[in-house]
Amino acid sequence: MQSTTFTQFQNELTMHPIVLLYISTPTCSVCHAIKPKIEHALTDLPMFVLDAHVYPEVASAYQALTAPVVLLFFEGKEVHRQARFIDIPKLVKFVQSYQSMNLSVTYQDLFN
């Protein structure tokens, strides 16, 4: 996972079809324990980490009331959220389902 600024994350969100955001705090033991497990389970996905103490605007923008919070974005929109207790197999299934979608559908494919 890449540590980033809130502004950089917002830019990255528009550059990738699927993005994972991991919101944590420095004193959260669960945050430190679960992060490597997520990194191990999802190796082929752009993942970004934001510290809610350093960037309090991220907590406000995404209504992160606890830590950790894992947000999955598809085409810039939040499609899945887990907070505090992260179910990694469920998260992996969501990621795989969005990765398997055919994003290269053309107008001709739809209407001919």
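Readers should treat all values here as calculations from the given coordinates under stated rules, not as data from a laboratory. The shown structure was predicted, so the numbers you read here are calculated from the model rather than taken from an experiment.
A few remarks follow.
- Taking every DSSP beta bridge that has both ends in the chain, the antiparallel portion is near 65%.
- Overall size of segment 30-74 from C-alpha positions, given as principal axis extents largest first: 28, 25, 15 Å.
- Once backbone amide H atoms are built at 1.01 Å from N, V49 has Q2, S3, T4, Y22 as its partners under 5 Å, excluding neighbours fewer than 5 places away on the same chain.
- Cα-based radius of gyration of the chain once divided by 2.2 N^0.38 Å, which approximates compact folds: 1.13
- Bridgeable lysines around K37 (alpha carbons under 23 Å apart, same-chain partners fewer than 8 residues away excluded): K90, K93.
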